[in-house]
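Worksheet: one structure, shown below.
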Amino acid sequence: MRITCVGGGPAGLYFAVLAKLADPSREITVLERNPAGVTYGWGVVFWDDLLDDLFRYDPVSARRIWDAACKWDEYEVRVTGKPDSHLGGYGYSMGRHKLLEILGERARELGVEVRYSDELTDPAALPPADLVVACDGAGSRIRDEHAGHFGATVETGRNKYIWLGTPHVFRTFRFGFERTEAGWIWFHAYPFSDTASTFIVECTPETWTGLGLDELDSKAGNARLEEIFAKHLDGHPLDDAGRGWLNFRRVTAERWDHGNLVLMGDAAHTTHFAIGSGTKLAMQDAMALADAIVGLAEEPLPAALEQYEHRRKAALAPLQRAALASSEWFERMPEYAELPATRFSYALSNRREDFPAWRYLLHVSTQSTVPRTMLRWTLSARRWNRARRRPVTAAVP
Ligand SMILES: Cc1cc2nc3c(=O)[nH]c(=O)nc-3n(C[C@H](O)[C@H](O)[C@H](O)COP(=O)(O)OP(=O)(O)OC[C@H]3O[C@@H](n4cnc5c(N)ncnc54)[C@H](O)[C@@H]3O)c2cc1C
């Protein structure tokens, strides 16, 4: 079987790994327009659910991801004029570069042909293949080429955001909200290596223009943000890696397959970055597609692709609702700004407004050091236990 993946992001590379593992006789090619080692963005977060899946599907790459991941506990919420507050939880993060390096290496060692600096400009010029996977990201050219068939819609979020990195290493995940003369502006930051953190800044379009960010070039814009967030950055710079300010694009598609062509990852669906799940969902798509084509000897390709689409659409629905609620909360953020610190951070964590009442009581009590430390120990034990249960025993954090 010949498979071509267009796009060497997490979806394309991970699918190539799994499809090759399942059947080494498959001829699999990944076309990636960027040179090896070049990508957009900074670190991404993920949680135990993804790690469990990764260890189940390919313990070798999972182990490498686990070893390279940064582990953090708790969320800090810092708002101008309010005492700091805390949210329980823990998670993992790693640089997109590192993730793609691990997946690219794993794919190549299994015999996948990964062609970097190879941009597909004309879908009609695709090499012959039994299956073509369009995993070319949110702006998918292949999807747009068949726009009528896939029924894709792209809705543009109201807020402006910019994905930055900084050499300042945050202790843990931090949400920081600053009041400026033009309105509220905030960031989500977390460490993703020993030397760098992700720093995503977001604000309403009114604040963006009010601060003059629409007119500043990248250097001056970063300098303005460094000034606004000075107390969080400890004198360290911000780097935007050239992508600039964007509006989030929410992609949905009515159909994901078309003959021997199938959409995967951001090409099929996006979820707002505030819930940090796009990479996870892209890799879980890869798992589901790899599972679906195992049965090809017994059933035709269209049936396998249908099965993949149904499984993933069902799994995605709750996360898409959470992501939408989350992005809408941030669009309304100024309405919450006058709440006291503990109520504000609770509203931030309960963006879908579906927490049971006891969660608020727990939240209030864990603003004090002793209950918070106890919660952290409990969650560390949970993390340890989960790591122990994985097929290749992961080193305990
Ligand atoms: C600000 C921000 C923060 C985020 N944070 C997180 C996070 O914390 N956690 C998380 O899980 N997710 C996060 N995400 C989402 C995540 O980045 C994406 O969901 C994920 O990268 C999707 O993977 P993908 O492989 O489908 O697409 P992509 O990662 O976009 O990969 C697509 C690849 O296709 C290549 N390509 C495109 N067109 C062509 C072509 N014509 N020919 C050849 N190659 C092509 C591109 O160069 C790219 O390498 C974030 C997103 C944003 C915007």
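Here are the numbers for the structure shown:
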item: Loop sites in the stretch 15-60: chymotrypsin sites (Phe, Trp or Tyr not before Pro), DSSP, at most 13 other Cβ within 10 Å; result: 40
item: Solvent-accessible area per residue, Å², over the stretch 83-142 with all protein chains present [probe radius 1.4 Å]; result: 41 Å²
item: Accessible carbon and sulfur surface of the stretch 211-338 relative to its total accessible area, %, 1.4 Å; result: 51 percent
item: Within the chain, percent of DSSP bridges classed antiparallel, to nearest 5; result: 70 percent
item: Alpha-carbon centroid distance for the pair the stretch 276-311 / the stretch 249-272, whole angstrom; result: 12 Å
item: Rounded accessible area per residue of the stretch 242-328, 1.4 Å, Å²; result: 38 Å²
item: Charge dipole (debye, nearest 20) of the stretch 2-334; +1 at Cβ of Lys and Arg, -1 at Cβ of Asp and Glu; result: 400 debye
item: Filtered chymotrypsin sites (Phe, Trp or Tyr not before Pro), the stretch 215-316: DSSP coil and at most 11 other beta carbons within 10 Å; result: none
item: The chain, relative contact order [Cα under 8 Å, separation at least 6], %; result: 21 percent
item: Where N is the number of residues in the stretch 2-334, Cα Rg divided by 2.2 N^0.38 Å; result: 1.01
item: Neighbour cut-off at most 15 other Cβ (10 Å), DSSP loop, GluC sites (Glu not before Pro), the stretch 183-228; result: 215
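The values are calculated or read from the model by the stated rules, or taken from the named source; none is laboratory data. Values in this document were obtained by computation on a predicted structure and should not be read as measured data. Heads up, the Cβs are rebuilt from the backbone with ideal geometry, glycines too, and the neighbour counts pull from every protein chain shown. Just the protein is used for accessible areas: all its heavy atoms, side chains included, with ligands, DNA and RNA removed. Shrake-Rupley method; radii C 1.70, N 1.55, O 1.52, S 1.80 Å.
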